[in-house]
1. Would you calculate the separation in nanometres between label points at E60 and Y122, each defined as 7 Å from the Cα along the Cα-to-beta-carbon direction?
2. Can you tell me how much longer the chain between E139 and K28 gets when fully stretched, taken as 0.36 nm per residue apart minus their C-alpha distance, in nm with one decimal?
3. Suppose each label sits 7 Å from its Cα in the direction of the beta carbon; what would the A113-T90 distance come out to in nanometres?
4. Please turn the phi angles of the range 33-45 into ³J(HN,Hα) values with the Karplus equation 6.51 cos²θ - 1.76 cosθ + 1.60 (θ = phi - 60°), one per residue in order, whole Hz, x for glycine and proline.
5. Tell me, what HN-Hα J-couplings in whole Hz come from the Karplus equation 6.51 cos²θ - 1.76 cosθ + 1.60 at θ = phi - 60° for each residue of the range 70-80, using x for Gly and Pro?
6. At q = 0.12, 0.18, 0.22 Å⁻¹, what base-10 log of I(q)/I(0) does the Debye formula yield for the range 19-97 when every alpha carbon is treated as an equal point scatterer in vacuo?
Amino acid sequence: MLILYLYLELIRQKTAMNKKLLELFKAKCKDMGLSDAAIEAIVTAGSEGLTDASTDAEIEAKANLILPFAKATQAESTRWAQTASQKTKTELEAEMAKAEKKPEGKDEKPWEAAIKGLKEDYDKKLSLLETENQTFKTEKA
């Protein structure tokens, strides 16, 4: 029972230190555009070594120590977003250019050709079914 109490007390202390560090770190990162989950993950990983006896100066030093990780995370997120945005823009422009081009020698739109093909398939199947139905009616009579 004593071990459980000590373990829970250790978790409570760790949580209190994480809370102080989290509040301080959020203030330092408020203009970076990082999500709360990202900030919490960085704080959790960077809070190693803090104890209940840690002073405000030690907590401040720890926040300053992990701040470059937040900046690197923010820079990488921005790079990914810009790359994805540029790729999407390029792909969209290519698709628009492709859609604007008409097939050479054809005034027909692509979906009209697809519909024609489907109609031909259904007409063939319907013709076969009608023939089969006629055959069964003849055999029955």
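Computed from the coordinates by the stated procedures, all read-outs in this text should not be read as laboratory data. Being a predicted model, the structure only gives us computed values, none of them experimental. Because the Cβ atoms are built from the backbone with ideal geometry, glycine has one as well, and the counts that use them run over all protein chains shown.
1. That separation, rounded to one decimal, is 7.7 nm.
2. Values: separation 111, 0.36 × 111 = 39.96 nm, distance 8.86 nm.
Answer, rounded to one decimal: 31.1 nm.
3. Each label point is offset 7 Å from its Cα along the Cβ direction, giving 2.8 nm.
4. x, 7, 6, 4, 5, 5, 5, 5, 5, 5, 5, 4, 5
5. My calculation for the range 70-80 gives 5, 5, 5, 4, 5, 5, 5, 4, 5, 4, 4 Hz in order.
6. One equal scatterer on each Cα of the range 19-97 leads to -0.44, -0.72, -0.94.
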